[in-house]
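Trainee: Dropping the structure in here first, questions after.
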Amino acid sequence: MSACSPMADSAIPRIADRSEPSLIAVAYSGGRDSTALLHACVQQAAALNAAGAQLQVLALHVHHGLSAFADDWLEACEGQCESWSAAGQPVRFLSTRLEGKPAPAQSTEAWARELRYAALTAMAKQAGADLILLAHHQRDQAETLLLQALRGAGVAGMAAMPAQQWRDGICWARPWLNQPREAIESYVLAHSLTHIEDDSNSDPRFARNRLRLTVWPALLQAFPQAQASLAQAGTWAQQALALQQEIASADLAGLASLASQTGLAVDGLLALSPARASNALRAWLAAQLGRPASASLVQRLLLELPVSSTGTWYCGGGELRLYRGELQWFLKADAGLSNEPVLPPQEIDLSSVGVHPVPAWGGAWLVEPVGSGGVELAKLTQLTLRTRGGGEQFQFKAKGVLRSLKKVYQEQAVPAWCRRGPLLFLGEDLLFVPGLGLNARYRAADGLPQVSLAWWVDPG
């Protein structure tokens, strides 16, 4: 197979919505697949440079420290790149060593994968590259789908590996994802490429190895087209996942809480069909946590939210809180009142509709027009923010009387986290209290122009 073969021509992918790269990084372990991809990229870059381009290929090698031969692999990979560079090829070698070891409850595979991606990202950014090529091929895709299915994964897991994905400012691309393994083997033979045989590939402790060594041969014998068929199933799953994400985005746009920028309106969520509610909740949780939520958490929330008025669920280094029909997620550092600032009184004018940030308090006031139950806008020109000091009086009901703020909090079962924020005073009268709302004495008469007040805290 020549350097101008389809395999070589497809090494450097066309990336949508970006200019042509001048630096192309390749994740280079020294194994058969990554060696073939690196060679094809170097050959294609050299051909393009001869036509006037200015491309440089970066070979990124991660030393995992898991094998007794890891030092030898590093030396072999560096030597191969130096040999090509000395022959005038546009390639440069970069490497990094992983430190530490897996946590007691963490699998070696997961630990190595997580740190490898972090190391590749760091090396690429340091070199100024925003494109990293990975040598995954069609059989890798088929194996990934099969493994995810055996683990009981949903559509996101069954979608396996995307051909292109932006992550942490890097485009991760797999140009050979539709190429069969046999094509890569032929490329290696045609170019007489030497590569490393990882001794861990025969270790049955790893799930992918067990699949390759025992299940895959029997599967291919019974179903010769299994590789292509499973890879195609992954493509359909990717389309289904994209559709799920589009529906979740549309549903969440209508479920944004009026009380905060990040809250989720639970009544609206539960009004959706069970499938759409689950889909929207998973998407919202992923946005809050920065990673997919566990299936058990999603199932628990869907069971408990319909019968709960308040609640707390711990997850993701923080906690989910339900209060007054709104679900919010807070980092552990923001879980209690320990971070409540003790600040001097601050004058504020809220006589205009919109968002009024108060950086010192880590939040903002939201002023919106309403037809009833609000306060006259003209009364909001000279207000004062104060820290709760004790002894404040508040009237919660229209026909009620002034009562101790502490008593009102207790009677209304307001959780501690909903009491965070400044008290809003009009003169010496308590006008608005986070978690309780507007002083009933200041509710405007029906028919008068009026606005609602809301205080929201940035949970990040």
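Read the figures in this text as sums done on the coordinates, not as results from a lab. Note that this is a predicted model, so its numbers are computed, not measured. All Cβ positions, glycine included, derive from the backbone under ideal geometry; neighbour counts span all protein chains shown.
Trainee: Under a straight-distance cross-link criterion of Cα-Cα below 19 Å, which aspartates and glutamates are reachable from Lys379, leaving out those fewer than 8 residues away in the same chain?
Mentor: Straight-line reach from Lys379, under 19 Å: Glu347, Asp349, Glu368, Glu428, Asp429, Asp446.
Trainee: Give the span of region 254-334's Cα atoms along each principal axis, as three whole-Å numbers ordered largest to smallest.
Mentor: 34, 27, 22
Trainee: Can you tell which of Met161, Ala112, Tyr323 lies farthest toward the positive end of the dipole of the chain, using +1 and -1 charges on the Cβ of basic and acidic side chains (Lys, Arg; Asp, Glu)?
Mentor: Tyr323
Trainee: Once Rh is set to the Kirkwood radius over Cα pairs, what Stokes-Einstein translational diffusion coefficient, in µm²/s, holds for region 169-312 at a temperature of 25 °C and a viscosity of 0.890 mPa s?
Mentor: On the way: Rh = 19.7 Å.
Using the Kirkwood radius from Cα pairs, D works out to 124 µm²/s.
Trainee: Considering the zone a paramagnetic label at Glu75 would reach in this model (a point 7 Å from Cα along the Cα-to-Cβ line), which residues of region 194-219 have amide N under 16 Å from it?
Mentor: Residues 196-197 qualify, since their backbone N sits under 16 Å from the label point.
Trainee: Counting only Cα, what are the radius of gyration and maximum Cα-Cα distance Dmax of the chain, in Å?
Mentor: Over the chain's Cα set, Rg and Dmax evaluate to 29.5, 90 Å.
Trainee: Next up: According to the Kirkwood expression over distinct Cα-Cα pairs, how big is the hydrodynamic radius of region 307-460, in Å? Don't jump to the answer; show the numbers that get you there.
Mentor: On the way: mean 1/r = 0.0612 Å⁻¹.
Final number for the Kirkwood radius of region 307-460 is 16.3 Å.
Trainee: Just add up the charged neighbours of Ile132: K/R +1, D/E -1, any other residue whose Cβ is under 12 Å from the Cβ of Ile132. Can you show the working numbers first?
Mentor: On the way: positive: Arg116, Lys125, Arg167, Arg174; negative: Asp130, Asp168.
Neighbourhood net charge equals +2.
Trainee: Taking H as built 1.01 Å from N, whose amide H comes closer than 5 Å to the amide H of Gln450, not counting residues under 5 places away?
Mentor: So Gln450 has HN proximity to Val370.
Trainee: From the convex hull of the Cα coordinates of region 205-248, what is the mean projected area in square nanometres?
Mentor: Result: 4.1 nm².
Trainee: Now a separate question. Starting from the Cα coordinates of region 275-378, work out the convex hull volume and express it per residue in Å³. Please report the intermediate quantities before stating the final value.
Mentor: Working: hull volume 16.5 nm³, N = 104.
So the per-residue Cα hull volume is 159 Å³.
Trainee: Taking region 67-191 as the region of interest, what is the percent of Cα-Cα pairs per 10 angstrom bin, listed from the shortest bin to the one with the maximum distance?
Mentor: 10, 28, 43, 17, 2
Trainee: Rounded to the nearest 20 debye, what is the charge dipole size of the chain about its Cα centre when +1 sits on each Lys and Arg Cβ and -1 on each Asp and Glu Cβ?
Mentor: Dipole size: approximately 1360 debye.
Trainee: Could you give each residue of region 87-99 its phi-based ³J(HN,Hα) in whole Hz, using Karplus coefficients 6.51, -1.76, 1.60 with θ = phi - 60°, and x for Gly or Pro?
Mentor: 8, x, 7, x, 9, 9, 9, 10, 9, 8, 10, 7, 10
Trainee: Each residue of region 284-300 in turn: what ³J(HN,Hα) in whole Hz from Karplus with 6.51, -1.76, 1.60 and θ = phi - 60°, glycine and Pro shown as x?
Mentor: 5, 4, 4, 5, 6, 7, x, 6, x, 7, 5, 4, 5, 5, 4, 5, 5
Trainee: Here is a further query. Calculate the dipole size of region 53-122 relative to its Cα centre from +1 charges on Lys and Arg beta carbons and -1 charges on Asp and Glu beta carbons; express the result in debye to the nearest 20. Write out the running numbers ahead of the final one.
Mentor: Working: 5 positive and 8 negative charges, 48 e Å.
Computed about the Cα centre, the dipole is about 220 debye.
Trainee: In the chain, with Lys and Arg counted as +1 and Asp and Glu as -1 at Cβ, which of these residues, Ser294, Ala226, Ala149, has the Cα nearest the positive end of the dipole, that is, farthest along it?
Mentor: Ser294
Trainee: Can you compute 3J(HN,Hα) from phi for each residue in region 213-225, using the Karplus curve 6.51 cos²θ - 1.76 cosθ + 1.60 with θ = phi - 60°, rounded to whole Hz and x for Gly and Pro?
Mentor: Taking θ as phi minus 60°, the curve returns 7, 10, 7, 4, x, 5, 5, 5, 5, 7, 9, x, 8 Hz for region 213-225.
Trainee: Based on the Cβ-Cβ distance from Leu220 to Glu197, what FRET efficiency comes out when R0 is 22 Å, to the nearest 0.05? It would help to have the intermediate numbers written out before the result.
Mentor: On the way: r = 21 Å, r/R0 = 0.97.
Efficiency, rounded to the nearest 0.05: 0.55.
Trainee: Within straight cross-link reach of Lys407, meaning Cα distance under 26 Å, which lysines are found once same-chain residues fewer than 8 apart are removed?
Mentor: Output for Lys407: Lys397, Lys399.
Trainee: Compute the distance in nm between two label points, each set 7 Å from the Cα along the Cα-to-Cβ direction, one at Glu246 and one at Ala445.
Mentor: 5.3
Trainee: OK, next. If you scale each eigenvalue of the Cα gyration tensor by 5 and take the root, what three semi-axes come out for region 6-236, rounded to whole angstrom and sorted largest first? Write out the running numbers ahead of the final one.
Mentor: Working: eigenvalues 153, 90, 68 Å².
That gives 28, 21, 18 Å for the three semi-axes.
Trainee: Count charges around Ala440 for me, please; just the other residues with Cβ under 10 Å from its Cβ, Lys/Arg as +1, Asp/Glu as -1.
Mentor: Once positives and negatives cancel, what remains is +4.
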